[in-house]
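Below is one structure, written out as structure tokens, with a few remarks after it.
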Amino acid sequence: MADYLLFATERYALPILQPLAQALHARGHAVHAWFVDGASGARLPAPVRPVGMREAVALKPRAVFSAANWVPTFVSGAKVQLFHGFNVEKRSDERGHFRVRGLFDLYCTQGPATTAPFRELAARAGHFAVVETGWPKLDPLFRDDAGAAAAMRAPAGGRPVVMFASTFTERLSAAPHLFDGIAREVARGDRYWLLTLHPKCAPELFERYRALAGPDAAFFETEQLVTAQRAADVLLADTTSVVSEFVVQRKPVVTFRNRAPKPHMLDFDDPARLSDMLARAFAPDDALKAALAAYADAIHPYRDGRSSERVIDATQALLDGQLGVLHAKPWAARLRALQIRQRMGYWGLG
């Protein structure tokens, strides 16, 4: 039995790490979790054991799995990047999804669309490896019993189900612009709505959207995101990475002012068109269905619910030296490591 550490800085990382925790436990390993910043105080179900900074260091885990942009480098073990979302092109490649900070030894990519760019970066840098594994967060989407999704959908009483999700980035968020239109759609009662917001959205937005809950809508928390995606027929969103997660199921998505609209999206920029766009989504034509399938295969072709197992196997291959010899981390990464120590207040060995 080996010790492994899960690391997160935000609550939205929990559904990414939970399937991996289950897979590690199934293989007989001890699983520990150290959550900081926005994830402080969050818990994963037993047998995952919460630890603090000192205990995380003392564990000397074989690997640290991070669903954040950074990882505490002073904790021993291989540093594995799992990503906290898909590449939704909110920023340039250099500042966004493909930014390499020099902190990780292994990048577990989600599908061909991200694997190829990261392998090019790895070939140039030499200090990290890349293995395409799929994304642990989506394992329950394809593997778990559908009971939870059926229960979430049950209040719809046979009506079509729409899910709404929004990013917290103010310039990209649909939540302030679409509230009135969504409120009218909910009041019509011909469809059932599942509503959520990014945990970093403004408190006043949470209050407004929670107030829509009733016989025709429910508000759910980020930990229930995957269940809601299974339960819904159509997604309404913006530039949130939930769009890509939903599309993996080959279900239609309606996006409001998406930063980089693509053929698989039904994108619009006038809130008055909301009703018409939803109608189109509930009657997708062949071209839209084909675009959904093509994009899903590009970003996440795995539909077996076993991405967590592939992450574990890739990590073991790294530890066994099967992924080649990695170069030393660059000086910029060493500076970041010092900055992390300062931020965390840790100056011990490690």
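Things to note:
- Exactly one residue among Gln322, Gln316 is part of a loop (DSSP other than H, G, I, E, B) and at pLDDT 95 or above, and that residue is Gln322.
- Any chance Arg27 is more than 26 Å from Gly321 (Cβ to Cβ), charged (D, E, K, R) and surrounded by fewer than 20 Cβ atoms within 10 Å (Cβ to Cβ): no
- Just one of the numbered conditions (1) closer than 22 Å to Ile299 by Cβ; (2) surrounded by 17 or more Cβ atoms within 10 Å (Cβ to Cβ); (3) touching a Ser or Thr at 6+ places or on another chain (Cβ under 9 Å) is not true of Phe168: (2).
- Unmet requirement for Asp269, which otherwise passes all of (1) surrounded by 14 or more Cβ atoms within 10 Å (Cβ to Cβ); (2) modelled with pLDDT of 95 or more: (1)
- Asp276 satisfies every condition listed in (1) assigned to a helix (DSSP H, G or I); (2) among the charged types (D, E, K, R); (3) within 27 Å of the chain's Cα centre (by Cα) except (3).
- Val162 fulfils the conditions (1) within 27 Å of Arg259 (Cβ to Cβ); (2) in contact with a helix residue (DSSP H, G or I) (Cβ under 6 Å, 6 or more places away or on another chain); (3) modelled with pLDDT of 95 or more except for a single criterion, (2).
- Taken as a whole, the condition of being in contact with a Gly (Cβ under 6 Å, 6 or more places away or on another chain) and within 30 Å of His177 (Cβ to Cβ) applies to Pro271.
- Where Ser66 falls short, out of the listed (1) surrounded by fewer than 21 Cβ atoms within 10 Å (Cβ to Cβ); (2) among the polar types (S, T, N, Q); (3) under 29 Å from Ile299 (Cα atoms): (1)
- Selection count where residues are assigned to a loop (DSSP other than H, G, I, E, B) and more than 21 Å from Ala150 (Cβ to Cβ), scope segment 191-237: 8
The values are calculated or read from the model by the stated rules, or taken from the named source; none is laboratory data. Note that the coordinates shown come from a computational prediction; the quantities given were computed from them, not determined experimentally. Glycine gets a Cβ as well: all are built from the backbone with ideal geometry, and neighbour counts include every protein chain shown.
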